[in-house]
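Data first, discussion second: the structure below is written as structure tokens.
Bear in mind these aren't lab numbers, they're just calculated from the coordinates by the rules spelled out. In this text the structure is predicted, and so the values were computed from the model without any measurement.
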Amino acid sequence: MKSACRASVSHHDAVVRELREDPELAFEYLKATLEEEDEVALRLGLRRLVQAYGAAEVAGKAGLRRENLYRALSPGGNPTLKTLTSILRALGLRLSVERIQSDAQAGC
């Protein structure tokens, strides 16, 4: 017999829900994935944000077909810079560059 209520929620679903409910958390979450300098983590982070904000809506704002959006953010995906910036823009974000502060500069 199936229970009417699920006793627990998957980690992925809980993260997506929290990202949907808190835009500042979503921003910090994606920023943290970028700091890991790991393509897989970045695609997973973006995929979770896309799910939180609705894939159809994000794809439309990014000028992509939903299938292409999913393909670009799949584990084997390799989005172009244009695709990446389009997705970020659709999420209200953009890439930026900042100087890495070395230990010698930190003391100045």
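Each stretch of four or more DSSP H residues adds -39500 (n - 2.57); spread over every residue of the chain, this sum gives -18500 deg cm²/dmol at 222 nm. Per the Cα gyration tensor, segment 35-91 maps to an equivalent ellipsoid with semi-axes of 17, 11, 11 Å, ordered largest to smallest.
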